[in-house]
Amino acid sequence: MEEEFKRIDGGLQGNDGMIQKDELWAWIQSGKAGTMTKQDFDALFTSMDVDGDGEVSFIEFCGFMARCGSEYDKESEALLANPRKAEQIRGTTKMVSMKKVD
């Protein structure tokens, strides 16, 4: 997690130990995290910047990532608890693993 934090922090402000909003926006716009609207990005940054100082510390970053992981786990468990959804997921996984990659 520290390496990813440093990659994002290495942007416009240059490894100052904090992720500024413009650094994270530049990283998001690079396509490394898919695509995101400015409105969604603003909500994302606000949820990461727990103390509201306009920067994301390593501790805030780790806390955010941990919350995301636990939310993902909850959603996965809920999906897999539904037998029909679980079978769809298994079927999709099987199709993807059988797909020939050139």
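Label point of residue 2 set 7 angstrom out along Cα-Cβ; within region 27-70, amide nitrogens under 13 Å from it belong to 58-59. State whether region 1-69 is rounded, prolate or oblate according to the following rule on the C-alpha gyration tensor (a ≥ b ≥ c being the square roots of its eigenvalues): a/c under 1.5 gives rounded; otherwise a/b larger than b/c gives prolate, and the remaining case gives oblate. Rounded.
Just so you know, all these numbers are worked out from the coordinates, no wet-lab data involved. These numbers come from a predicted model, not from an experiment. Ideal geometry is used to build each Cβ from the backbone, glycine not excepted, and the neighbour counts take in all protein chains shown.
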